[in-house]
1. Where a Cα-Cα gap under 20 Å defines reach, which lysines qualify for Lys81, not counting those fewer than 8 residues away within the same chain?
2. Just how far, in whole angstrom, is region 137-190 from region 86-112 if you go by their alpha carbon centroids?
3. Going by how many other beta carbons lie within 10 Å of each one, how would you line up Cys108, Cys93, Cys174, fewest first?
4. Checking the cross-link filter: which aspartates and glutamates have an alpha carbon closer than 12 Å to that of Lys59, excluding same-chain neighbours under 8 positions apart?
5. What are the trypsin sites (Lys or Arg not before Pro) within region 135-167 that DSSP puts in a loop, where the Cβ has at most 15 other Cβ atoms within 10 Å?
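What follows is calculated from the coordinates using simple rules that are stated; it is not laboratory data. On a predicted model such as this, the values are computed, not experimentally measured, just so you know. Here Cβ is always computed from backbone atoms with ideal geometry, including for glycine, and neighbour counts include all displayed protein chains.
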Amino acid sequence: MNNSSLRYQQPAMGRVVSGPGGGRGCGEVSAAGSGCGGDRACGGRRGPVLVQLPSNQGKDVAKLDAFLEEFKAVTHPARWKMAVEFRNADWLCPETYHVLDRRRAALCLHDMPPAAVAEPNDAAFVYIRRHGPAGDYRHSYSDRALREDAQRIRRWLEEGRMVFAYFNNDAEACAVGNARQLKEELGDSE
């Protein structure tokens, strides 16, 4: 993907980054569907919209609830899934999880310190975003880490969830290789 196909909007809360692959970079793998962002580029299949709340975005659960409600009101809920990535650990509380569950939005599982998230909320799908082993967009994940991700993905698939994984460790061009290796671990040779 080239950055000319990237669409960026600054909403009232966080930022929305979308495009083929669900964002910048090209290290995406999906265990259920293509995970692509654009209808035409992906044959009508698309992955979740990711809303990323930066570390300086303080917790305001009522504002999050209103944002998710407005998003669903202006889009077709059956066509667009939403994942929310929190970079501020204050958001990681039962009140936030309740709002995400009620609005059918997934908590983005990511490895960016200090707000890393390892387990999903109760949404019907799981969105994993990998930022590099140290959370610095660099370096390749170990074979062990990718095997562990594959085991967790299999468990979620067995629960009937769709799973999307996005590798954002592209500063040293590791994302694509890690995505391919994860697909192989999952038995997907596409």
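1. Qualifying lysines at Cα under 20 Å: Lys63, Lys72.
2. Between the Cα centres of region 86-112 and region 137-190 lies a distance of 21 Å.
3. On the way: Cys108 27, Cys93 11, Cys174 21.
If I rank by nearby Cβ atoms, fewest first, I get Cys93, Cys174, Cys108.
4. Answer for Lys59, where 12 Å is the Cα cut-off: Asp90, Glu95, listed by chain and number.
5. Values: sites: Arg138, Arg144, Arg147, Arg152, Arg154, Arg155, Arg161; in loops: Arg138, Arg161.
Answer in residue order: Arg138.
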